[in-house]
1. Would you compute, from DSSP H runs of 4+ residues alone, the mean residue ellipticity of chain A at 222 nm, taking -39500 (n - 2.57) per run and dividing by the full residue count, rounded to the nearest 500?
2. Would you check the accessible area of A:D29, probe 1.4 Å, heavy atoms only, in square angstrom rounded to 10?
3. Describe numerically, in nm with one decimal, the distance between label points set 7 Å from Cα along Cα→Cβ at B:I229 and at A:H353.
4. Can you list the lysines whose alpha carbon is less than 16 Å from that of B:K240, not counting same-chain residues fewer than 8 positions off?
5. Other chains near A:62-75: what is the mean number of their Cβ atoms within 10 Å of each residue's Cβ?
6. Which residue, A:K188, A:K63, A:K284, tops the fluctuation ranking in a GNM of chain A built on C-alpha contacts under 10 Å?
7. Provide a list, ordered by number, of residues in the range B:169-201 showing at least 30 Å² less accessible area with every protein chain present than when their chain is taken on its own, using a 1.4 Å probe.
8. If A:H35, A:H116, A:H325 are ordered by their accessible area, calculated over protein heavy atoms with a 1.4 Å probe, which sequence runs from highest to lowest?
Amino acid sequence: MQKRLANWGNYPAITSEENAFTQEQQLRDFVVSNHQLIARGNGRCYGDASLGKHSISMLKYDKILSFDEQNGFLETQAGVTLDQILDIIVPKGWFLPVTPGTKFITVGGAVASDVHGKNHHVDGAFSGHITEMDVITGDGETVTCSQGRHTDLFWATCGGMGLTGVITRVKFDLKKIETAYIKQKQLKARNLEEVIRLFDEYKHYTYSMAWIDCLQKGDSFGRSILIVGEHATKADLNPKQQEAPLKLPAKPRLTVPFNLPSFILNTFTVKAFNWLYYGKNFKKEINNVVPYEPFFYPLDAILHWNRGYGKAGFIQYQFVLPLEHKAGLVAILQRISEKGWGSFLAVLKVFGHQDSLISFPMEGYTLALDFPVRKGLFEFLDELDEIVLQYGGRLYLSKDARMKQDVFWKSYPNANRFADIVKTYNPGKRFESLQSERLLLTK
Amino acid sequence: MPTVLLLGAGSDMAVAIARKFAAAHYDIQLAARKAAALQPLQQDLQVRYGITATTHDFDATDYSTHAAFFAGLPTMPDITVCAFGYLGDQELAQRDWQEAATIIHSNYTGAVSVLNIIAESYEARGKGMIIGISSVAGERGRQSNYIYGSAKAGFTAYLSGLRNRLFRSGVHVMSVQPGFVNTRMTQHLNLPPLLTAQPDQVANAVFKAAQRSRNVLYVKWPWKYIMLIIKMIPEGIFKKLKL
Ligand SMILES: Cc1cc2nc3c(=O)[nH]c(=O)nc-3n(C[C@H](O)[C@H](O)[C@H](O)COP(=O)(O)OP(=O)(O)OC[C@H]3O[C@@H](n4cnc5c(N)ncnc54)[C@H](O)[C@@H]3O)c2cc1C
């Protein structure tokens with residue numbers, strides 16, 4: 001059926017023919033008899049990576065195949081979402097090795113974007129935890145690949161945005177936990193200098209990230225709150241929590257039921273929000289123990305918060321700059337502050353080392369910002385792209401909806417090698433998304 | 001552990017029903033034409049809910065195998081859910097008997113054949129529940145799908161007769177009229193969102209209704225009234241409508 005589809009940023013929106021499968025044979029038959037296909041998980045990438053002429057919805061491919069409770073291995077079909085997984089593994093004392101800031105993504109989406117979490121500097125990206133996976137390639141074959149088997153396919157699929165084929169099954173390792181709680185520390189930083197110093201001081205923490213207020217100038221330029229955390233042990237919990245350390249109290253869910261008019265999120269409201277958030281009431285340091293959900297998924301509590309940006313949608317701009325180019329970070333934040341187009345969510349994080357083929361992370365600083373779509377935005381982001389390029393950085397494909405071709409080819413050093421592997425497994429451009437067409441990724 | 005047998009276990013609705021009962025600690029027997037294809041679901045139910053799930057080859061239109069199929073189950077199920085069905089292509093079925101026969105046998109004859117056997121054994125035991133997933137399409141024939149509709153009409157009548165007959169023996173029969181459901185069977189159709197149920201809504205409703213031994217369940221309440229109105233339209237007017 002023709003359906004209107006858009007991902008989390010609500011930009012762009014297209015009409016696409018959507019198909020869902022539960023049987024491998026049907027899925028393979030569909031792949032070999034069609035073109036311009038792209039797998040789609042839960043549409044939580046922001047831009048156009050999972051939009052195409054024919055989309056293959058993986059959400060019905062949602063079976064959990066095995067769970068080794070002794071050694072912490074999970075094997076699932078690619079359409080299972082992380083929230084379903086957490087419901088099963090947390091009560092048994094296991095956690096995801098890597099999780100993005102929302103649990104409403106699929107395992108296939110986690111692989112195709114090679115997602116990173118707050119623990120990237122310690123545990124790397126999702127791909128590092130995969131034991132093996134199955135991919136249906138362009139000729140309809142199911143190929144099992146891993147770090148030691150069909151290696152080229154494996155590395156081009158991790159972070160490959162669905163262009164090598166349809167991921168159907170993934171086996172990955174889990175992390176042992178004693179409780180479902182996180183021992184967290186929140187530290188207020190006066191400015192960018194200070195938060196970067198704090199990141200360094202607290203880098204031994206497994207989880208870390210910072211919220212930045214982009215609208216400040218002068219001495220408070222880049223004021224932020226650094227949040228670091230560790231999985232809590234039983235001893236960290238209060239007596240009530242200790243009774244059932246792996247079970248969380250039930251919580252109500254809020255939802256934004258429709259698109260808010262975009263004027264709600266103008267500079268003024270962002271300023272007010274940030275004032276409240278960073279304002280005088282916030283102590284220099286807060287230590288507490290919280291359930292894992294608000295720590296990892298603060299935004300998931302408000303379902304559909306993306307509608308808050310109105311009908312025109314928004315762009316999430318996420319870039320990474322090499323560690324030695326802190327100056328680039330300052331330059332970009334300054335441009336944003338001058339422009340006055342700050343966003344609610346400016347998230348700063350330091351990545352650890354990563355040498356995979358096409359994945360986004362590299363050792364350095366990554367910043368993610370939201371910008372409502374409006375006149376002049378794309379030109380402005382093109383200017384920011386120039387700064388990113390100048391400092392040797394790159395943009396996250398999973399958030400991208402607008403970067404120009406040359407920005408991609410200049411900033412991803414393995415782009416050619418990736419394109420060659422894609423050609424091998426995806427002959428005749430069977431798999432193609434709006435993004436791959438725009439960036440000539442399937443040239 | 002109480003056990004649920006799902007006939008036609010591969011459909012989206014059946015998957016949702018299996019999960020709902022498994023979450024309530026029922027063991028699950030999954031039966032469909034290609035049992036091997038049910039293996040991921042079997043594993044899923046066992047991992048998620050820690051229950052025992054088994055898979056069984058079952059072909060609704062292969063009547064001669066039904067008795068052996070039922071006798072061969074590892075334990076006699078407490079609840080049987082008859083969830084198989086085939087929407088088919090109405091226009092093709094008007095011209096092509098093969099298609100018409102498949103629709104009739106998949107939705108009616110096959111169900112009667114297997115449920116006759118199960119009903120006998122539930123009656124002899126004096127307990128058990130049969131849940132038949134029928135369709136609102138069976139409540140009045142419409143030009144757009146009367147072959148499917150007539151088979152479902154037969155099935156609905158069969159279920160109500162069976163309910164009537166088994167009532168005294170302590171066996172309960174529930175008919176489910178789901179209305180539109182968002183499944184792979186209907187993915188090419190443009191369904192009105194307010195009247196369309198998701199498979200897990202159907203599953204929740206079926207589970208709840210089963211706990212309360214309801215007789216007839218309309219999954220989305222407007223359907224009850226829509227069908228009431230549709231049934232009341234005089235034939236002289238009805239035949240002129242393009243429904
Ligand atoms: C609130 C929020 C916070 C986020 N935080 C982070 C974060 O901290 N870190 C991070 O890395 N990301 C983050 N993301 C991005 C998100 O994790 C990724 O975009 C993820 O890929 C989305 O997965 P999905 O299942 O929704 O897939 P989609 O968005 O539907 O698809 C994403 C890509 O995966 C491909 N794909 C999906 N399934 C398959 C499959 N079975 N086979 C082949 N290809 C497939 C698609 O083709 C597409 O290229 C965040 C997103 C949101 C909305």
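1. -7000 deg cm²/dmol
2. 80
3. 7.0
4. Within reach: B:K231.
5. If you average over the peptide's residues, the count of other-chain Cβ atoms is 3.
6. Answer for the Gaussian network model of chain A: A:K284.
7. Residues shielded by partner chains are B:R184, B:Q187.
8. A:H35, A:H325, A:H116
The values are calculated or read from the model by the stated rules, or taken from the named source; none is laboratory data. Keep in mind the model is a prediction, meaning the values are calculated, not measured. Note: ideal-geometry Cβ built from the backbone for every residue, glycine included; neighbour counts use all protein chains shown. Accessible surface is based on the protein model in full, side chains and every heavy atom, while ligands, DNA and RNA are left aside. Shrake-Rupley method; radii C 1.70, N 1.55, O 1.52, S 1.80 Å.
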